[in-house]
1. Give the residue that is surrounded by the fewest Cβ atoms within 10 Å (Cβ to Cβ), with candidates limited to residues of segment 112-127 that are closer than 27 Å to Trp196 by Cβ and in contact with a helix residue (DSSP H, G or I) (Cβ under 6 Å, 6 or more places away or on another chain).
2. Residue by residue through segment 128-150, note down the ones that are among the hydrophobic types (A, V, I, L, M, F, W, C) and either under 30 Å from Glu73 (Cβ atoms) or open to solvent by less than 40 Å² (accessible area, probe 1.4 Å) (or both).
3. Scan Pro112, Pro17 and give me the residue that is free of Cβ contacts under 8 Å to residues at least 24 places away in the same chain and under 15 Å from His152 (Cβ atoms).
4. Only one of Val9, Val46, Val92 is part of a helix (DSSP H, G or I) and open to solvent by 30 Å² or more (accessible area, probe 1.4 Å); which?
5. Could you list all residues from segment 197-208 that are touching a Leu at 6+ places or on another chain (Cβ under 8 Å) and either modelled with pLDDT under 95 or surrounded by fewer than 20 Cβ atoms within 10 Å (Cβ to Cβ) (or both)?
6. Please work out which one of (1) within 15 Å of the chain's Cα centre (by Cα); (2) open to solvent by 10 Å² or more (accessible area, probe 1.4 Å); (3) among the hydroxyl-bearing types (Ser, Thr, Tyr) is the condition Tyr213 fails and give its number.
7. Looking at segment 150-172, is at least one residue part of a helix (DSSP H, G or I), in contact (Cβ under 8 Å) with a residue 60 or more places away in the chain and charged (D, E, K, R)?
Amino acid sequence: RLSGAWEWVYHHRDLGPRYLIEGTANNGAGLLRNYGVGVLLGLASVGYVQAATTLMGPFMVIYFGMGLVTLPEAARILRRSPRHLPHFCLLVSGGLALLGLIWGVVLFVALPRGLGHLMLGNLWKPTFPLVVPTVLSIVGSCVSTGAGTGLHALGAAKRSVSAMISGSALSVVLSLAGAAADGAEGTMWGTAVAAWIMALLFWLQFRKALREYDGKPAEA
């Protein structure tokens, strides 16, 4: 209801700044990685990293779109049957991770058979070695998604922000360390390791938030 929009914003004013920080940390980590890779390896390597990310584009449409469905559903489950929320979050993570792996297999098989040239032209050959770590990185993010959805449904903004800032900082450090050690491929392996550590952080925070839940939204 449009008439209730301002009231909704007022009642959730404590969450907005924290979620702004959370989103900024996530996007900022990617930007810092690209700038760092550009300084360490040159713009060509940045192009390979971006090309590998572009290959995941069809799956990422599903990944980002799912948030429009999963978060409202998680909130409804929390109101009706809180004990089912962890199962739902596991289902979200597992389903997205499976879809990401399937798309990764499609890329790995199809790129050398013409899809690579069709999508990226001559750029596909130097990009191909980045496919596996890129897929593993995205799958790690998928594993985080279920826990992040649960934290948002619980209104546990402090916990989700803490996990995101820690994971994003780790992503920058490990991706740049990987770049220094093994070029563009090392960048993506570092990003993949960070994504899985972030997944662990999110699930630990979600578990703690569930223990604290008393039938009311968590203190933001």
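1. Pro126
2. Leu130, Val131, Val135, Leu136, Ile138, Val139, Cys142, Val143, Ala147
3. Working: Pro112 fails: under 15 Å from His152 (Cβ atoms).
Sole residue among the options that is free of Cβ contacts under 8 Å to residues at least 24 places away in the same chain and under 15 Å from His152 (Cβ atoms): Pro17.
4. Only one candidate qualifies: Val9.
5. Ile197, the sole residue that qualifies.
6. Just one mismatch for Tyr213, condition (1).
7. Yes, some residue in segment 150-172 is part of a helix (DSSP H, G or I), in contact (Cβ under 8 Å) with a residue 60 or more places away in the chain and charged (D, E, K, R).
Rundown of residues vs (1) at pLDDT below 90; (2) over 18 Å from the mean Cα position of the chain (by Cα), yes/no style:
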{"position": "Ala5", "(1), (2)": "yes, yes"}
{"position": "Tyr10", "(1), (2)": "yes, yes"}
{"position": "Gly23", "(1), (2)": "yes, no"}
{"position": "Leu32", "(1), (2)": "no, no"}
{"position": "Val37", "(1), (2)": "no, yes"}
{"position": "Gln50", "(1), (2)": "no, no"}
{"position": "Ala75", "(1), (2)": "no, yes"}
{"position": "His84", "(1), (2)": "no, yes"}
{"position": "Gly100", "(1), (2)": "no, no"}
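The values are calculated or read from the model by the stated rules, or taken from the named source; none is laboratory data. Values in this document were obtained by computation on a predicted structure and should not be read as measured data. Cβ atoms come from the backbone with ideal geometry, glycine included; neighbour counts cover every protein chain shown. To get the accessible areas, we keep the full protein, side chains included, count just its heavy atoms, and leave off ligands, DNA and RNA. Shrake-Rupley method; radii C 1.70, N 1.55, O 1.52, S 1.80 Å.
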